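Chemist: Got a structure for you, written out below as structure tokens; questions coming shortly.
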């Protein structure tokens, strides 16, 4: 009798969660429609779908893992897309009004990623899942697909004719490599897998990028307008590298051993890193400034 009641309760909870998910989608679309399709813009949702295709393709061999992996990868996906929007905007600024309007895409993809990361678990089952382990071939294919997704979004969606050239810079590469090397040998990380170490490395790259990015941007602003763009690019590109590393490592199973509470803390560190840096450089006008 108790087992039957527990089974009925579980079915009721599952039904309730799926009903909430079904109701949340039109609510999200309606709110975004009233705000000019900020979240569901092609540079936000369109790019998000391209990056989402990589974990979705894993459904062929790891069907029970797909919802969890997409959910865990959603926030780093949002940071990747937000940083791409920022880099694109920095290289295509025209008049102040259009640039300020476009700056909504500095934040919108991350907001979309946060929403997806919270909504998707409503569709997942409560059954415990074993740790994800990919073969070497699957790992290589996953990394290759992630790079293809980055190329498709940057070259075809953002229409950057120079390919990855605009996304490469020596300083962010040095910072990212140094932080990764430190994380790989840091005390307490000895028992972590390569994928778990990569996830932690990506997070700390983003944290360092936020702090160093503000410092370098302050230097650039003091030196004059000619130095501001290159100084700002260091922080943005470093966060791009860090969040992309988290995204790829998560798909490879780097977060599969993290419980839901720890995962939320992890997400918030990523969110805080990007929002802190972005607000220092692309903060919208306050209400008082708008009426000034």
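Chemist: With mean projected area of the Cα convex hull in nm² in mind, check [x] 18.5; [y] 15.1; [z] 21.8 and report the label derived from this structure.
Modeler: [x]
Chemist: May I pose another question? Any idea what the relative contact order of region 154-257 is, in percent, if you count C-alpha pairs under 8 Å spaced at least 6 apart?
Modeler: 33
Chemist: Ok, one more. Which value in deg cm²/dmol, rounded to the nearest 500, describes the helix-derived mean residue ellipticity at 222 nm for the chain, given -39,500 (n - 2.57) per DSSP H run of n ≥ 4 and division by the residue count?
Modeler: So the calculated ellipticity at 222 nm is -24000 deg cm²/dmol.
Chemist: Let me ask something additional. If a/c stays under 1.5 just call it rounded; otherwise compare a/b with b/c (prolate if a/b is bigger, oblate if not). Do that for region 235-286, with a ≥ b ≥ c from the square roots of the Cα gyration tensor eigenvalues.
Modeler: The shape class here is oblate.
Chemist: Still on this model: Pick from 73, 177, 209: which residue has the top mean-square fluctuation in a GNM of the chain where Cα pairs under 10 Å get a spring?
Modeler: Maximum among the listed residues: 177.
Chemist: What number, in percent, do you get for the relative contact order of the chain if the mean sequence gap of Cα pairs under 8 Å and at least 6 apart is divided by its residue count?
Modeler: It rounds to 23 percent for the chain.
Rule-based calculations on the coordinates, nothing more; no lab input. Predicted, not measured: the structure shown is a model, and the values here were computed from it.
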